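None of the figures in this text is laboratory data; all of them are computed from the coordinates on show. Just so it is clear, the model here is predicted, and its values are computed rather than measured. When we count neighbours, we look across all protein chains shown, and the Cβ atoms used for this are built from the backbone with ideal geometry, even at glycine.
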Amino acid sequence: MSRNLTSPLIADLTSEALYPAFLADITFTSGVSHVWSGVGPLVWNGNTYIGVGSLGQVGDVNEATEVRADGTSVTLSGIDSTLLNDCLNDIQIGAPVTVWFASLTTAGAIHGVYQLFSGTVDKPTFQTEAKTVTISLNLENKLYNLQRPSVRRYTSADQRLYFPTDSAFSWVESLNDIALRWGS
């Protein structure tokens with residue numbers, strides 16, 4: 001599968017020294033959080049990313065030749081246990097998430113970026129310890145929606161929920177009671 005890699009990122013990937021980083025844009029109820037895998041603030045694309053260092057982790061990102069919805073996860077550990085209720089209330093299932101792979105210069109500036117994952121937040125898991133909490137957010141690929149059953153029906157009432165003046169399905173219910181003979 002071809003990639004849309006920028007020339008600076010290709011140069012960094014083929015060089016002898018690589019300074020990798022992960023960036024994540026995670027949407028919560030309170031707003032979008034921008035975090036990255038290093039220490040301190042990092043400015044990219046008009047956003048200031050907060051460094052989580054070794055407290056943050058990105059799960060495996062898989063891909064295959066067939067069409068399927070592979071997810072991943074992001075984990076943040078070392079959260080003060082008194083903030084657990086705030087964390088629970090702030091997580092928004094179905095909110096958008098984007099994870100980026102970046103290469104850094106020796107000065108710590110972003111040199112090349114590639115979108116590694118784009119999807120939505122699924123169910124979170126929590127591990128509580130004496131004074132800290134670890135939160136892991138499962139992330140689902142947008143293709144996961146193809147596996148969900150459709151709750152739409154081919155009825156006039158369902159069509160009018162989305163298009164109130166449309167009468168395209170007004171005869172569908174009456175077709176159930178008609179006995180049609182074919183070819184005789």
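Tell me which of these L18 doesn't satisfy, since it passes every other one: (1) under 23 Å from Q127 (Cα atoms); (2) part of a loop (DSSP other than H, G, I, E, B); (3) hydrophobic (A, V, I, L, M, F, W, C).
L18 satisfies all of (1) under 23 Å from Q127 (Cα atoms); (2) part of a loop (DSSP other than H, G, I, E, B); (3) hydrophobic (A, V, I, L, M, F, W, C) except (1).
Note down all Cβ pairs under 8 Å where the first residue falls in segment 169-180 and is surrounded by 10 or more Cβ atoms within 10 Å (Cβ to Cβ), the second is part of a helix (DSSP H, G or I), and they're at least six residues apart or on different chains.
Short answer, once both residue conditions are applied: F169/S156; F169/D158; F169/Q159; S170/S156; V172/S156; E173/S156.
Could you please find all residues in segment 133-184 being polar (S, T, N, Q) and closer than 30 Å to D25 by Cα? Can you show your working first?
Applying the first criterion (polar (S, T, N, Q)) to segment 133-184 yields 134, 136, 138, 141, 145, 147, 150, 155-156, 159, 165, 167, 170, 174, 176, 184.
Once the filter is applied, which keeps residues that are polar (S, T, N, Q) and closer than 30 Å to D25 by Cα, segment 133-184 yields T134, S136, N138, N141, N145, Q147, S150.
What do you reckon, is I91 in contact (Cβ under 8 Å) with a residue 24 or more places away in the chain, closer than 12 Å to I135 by Cα and touching a strand residue (DSSP E or B) at 6+ places or on another chain (Cβ under 6 Å)? Steps first, answer last, please.
Values: in contact (Cβ under 8 Å) with a residue 24 or more places away in the chain: yes; closer than 12 Å to I135 by Cα: yes; touching a strand residue (DSSP E or B) at 6+ places or on another chain (Cβ under 6 Å): yes.
The answer is yes for I91.
Select, from T72, T134, T128, the only residue that is surrounded by fewer than 16 Cβ atoms within 10 Å (Cβ to Cβ) and of a type in the set (V, I, T).
Numbers: T72 fails: surrounded by fewer than 16 Cβ atoms within 10 Å (Cβ to Cβ); T134 fails: surrounded by fewer than 16 Cβ atoms within 10 Å (Cβ to Cβ).
The unique qualifying residue is T128.
Determine if segment 94-107 includes at least one residue that is surrounded by 11 or more Cβ atoms within 10 Å (Cβ to Cβ), in contact with a helix residue (DSSP H, G or I) (Cβ under 7 Å, 6 or more places away or on another chain) and touching a residue at least 12 places away in the same chain (Cβ under 8 Å). Give the steps one after another, and end with the answer.
First pass over segment 94-107, keeping only residues surrounded by 11 or more Cβ atoms within 10 Å (Cβ to Cβ): 95-105.
Filter again for in contact with a helix residue (DSSP H, G or I) (Cβ under 7 Å, 6 or more places away or on another chain), leaving 103.
Those still in the list that are touching a residue at least 12 places away in the same chain (Cβ under 8 Å) too: 103.
Yes.
Considering only segment 91-184, give the strands (runs of 3 or more DSSP E) lying wholly within it that have at least 1 residues that are farther than 30 Å from P8 by Cα and in contact with an Asp or Glu (Cβ under 7 Å, 6 or more places away or on another chain). Outline the logic, then answer.
Details: elements: 96-104, 110-128, 132-141.
Of the strands (runs of 3 or more DSSP E) lying wholly inside segment 91-184, those with at least 1 residues that are farther than 30 Å from P8 by Cα and in contact with an Asp or Glu (Cβ under 7 Å, 6 or more places away or on another chain) span 110-128, 132-141.
Counting just the residues of segment 12-30 that are of a type in the set (D, E) and farther than 30 Å from N89 by Cα, which one comes out surrounded by the fewest Cβ atoms within 10 Å (Cβ to Cβ)? It would help to see each step written out before you state the result.
Taking segment 12-30 first, the residues of a type in the set (D, E) are 12, 16, 25.
Retained after the next criterion (residues that are farther than 30 Å from N89 by Cα): 12, 16.
On the way: D12: 20, E16: 4.
For segment 12-30, the residue satisfying everything is E16.
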